[in-house]
Amino acid sequence: MSAAACLLLYSFATAVLAPRLLVRLTHAGVAPRLGVAAWLAAIGSVVGSWAVAAGFLAGELLRAGTLSRQALLSTCFAQLRAVAAGNYGTFGQFGLLTLAGFAAVTVAALLARLGRSLLRARAATHEHARMARLAGAHDATLDAVVLDVPERAAYCVAGRPHTIVLTRGALATLDDPHLNAVLAHERAHLTGRHHLLLALTRGLAAILPRIELFTTGAAEVARLLEMCADDAAARTHGRRTVLQAILTLSGAVPVPPGALGASGVGVLARAQRLAAPPEPARRWRVRLLLGATAVLVTIGPLVAGGLAATGFALCGATVPG
């Protein structure tokens, strides 16, 4: 049980402390790809710790029946099992079983909500892509669907196939270099499968809105993915061209839900970093800090499990093998 307790303690500390640290390191977008990796590592380590802790608890439940009474009584789990067996009264037994049932139902409900959220997001984006292809005209030269509307909009949406959508208003506003930069930005989103990362982080934030790591992480990952696409476009077309294209499209119609667009998220912050790139010394410092943070939160569950295995028990002695 100590391993599960260590993992739960680790996940609690990470969920509380990681958001502030990561926001400080990633908000300016100095190293957006490493920033995305660090946020995903923190989120994954917390969720993974919960899953492994549940596995440890289930394992102790199965193993407890093979232990001697003396060894069994030396564990926290033995006390819980005694309560469940009614050794401490019917009220305690009923309360524990009710709590366990409620926890199991809650976990199942959260997983079901996450699954439904991901499926709804997938269905919505695929439907939007299909409708855009029906309503617009495919331009083979641009490899994009052009909608005959005056508003300025450029975005990509996942589907079968993935679709880049442009409006006549955007085509009329953007000259060729800026248009090519926007298309490179959207292709970077699709090539990097950014829609999958957004669906996952936003799904977790929707089902667990009170956990800052998930809500802040979803918002920050969305900003950082836009910066990653900016950098991909800038490598081919130059920072100034990408900046001018973003500013040209800024203030246009909002990007549809589930879509990714050059003017969709964090336009001001992205414009600032394109106009004034960070100095090399700062860029390397942030990269080192983000890399170290990602490694620490990745190995954190292993360290927590190792502490329990070496005798750092949080509730009684460790159970002999």
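The values are calculated or read from the model by the stated rules, or taken from the named source; none is laboratory data. Treat the numbers as computed from the prediction; the structure is a model and nothing was measured. With ideal geometry, Cβ positions are generated from the backbone for all residues, glycine too; neighbour counts draw on all protein chains shown.
What to note about this one:
Matching residues to (1) surrounded by fewer than 17 Cβ atoms within 10 Å (Cβ to Cβ); (2) more than 21 Å from L224 (Cβ to Cβ); (3) out of contact with any strand residue (DSSP E or B) (no Cβ under 9 Å at 6 or more places or on another chain):
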| site | (1), (2), (3) |
| --- | --- |
| R152 | no, yes, no |
| V157 | no, no, no |
| D175 | yes, yes, yes |
| A184 | no, no, yes |
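- Remark: pairs (first residue in segment 211-235, within 15 Å of L200 (Cα to Cα); second residue aromatic (F, W, Y); Cβ separation under 7 Å; 6+ apart in sequence or on different chains) = G217/W39; E220/W39; V221/W39.
- Hey, L224 aliphatic (A, V, I, L, M) and modelled with pLDDT under 95 or not: no
- Being at pLDDT 95 or above and part of a helix (DSSP H, G or I) is a description that does not apply to L196.
- Selected residue (criterion: nearest to L196 (Cα to Cα)) from residues of segment 230-283 that are surrounded by fewer than 19 Cβ atoms within 10 Å (Cβ to Cβ) and touching a Ser or Thr at 6+ places or on another chain (Cβ under 6 Å): V267
- Answer from A252, A245, A269 - the residue that is at pLDDT below 85 and more than 18 Å from the chain's Cα centre (by Cα): A252
- Members of segment 141-167 that are β-branched (V, I, T) and either in a loop (DSSP other than H, G, I, E, B) or over 13 Å from E186 (Cα atoms) (or both): T141, V146, V149, T167
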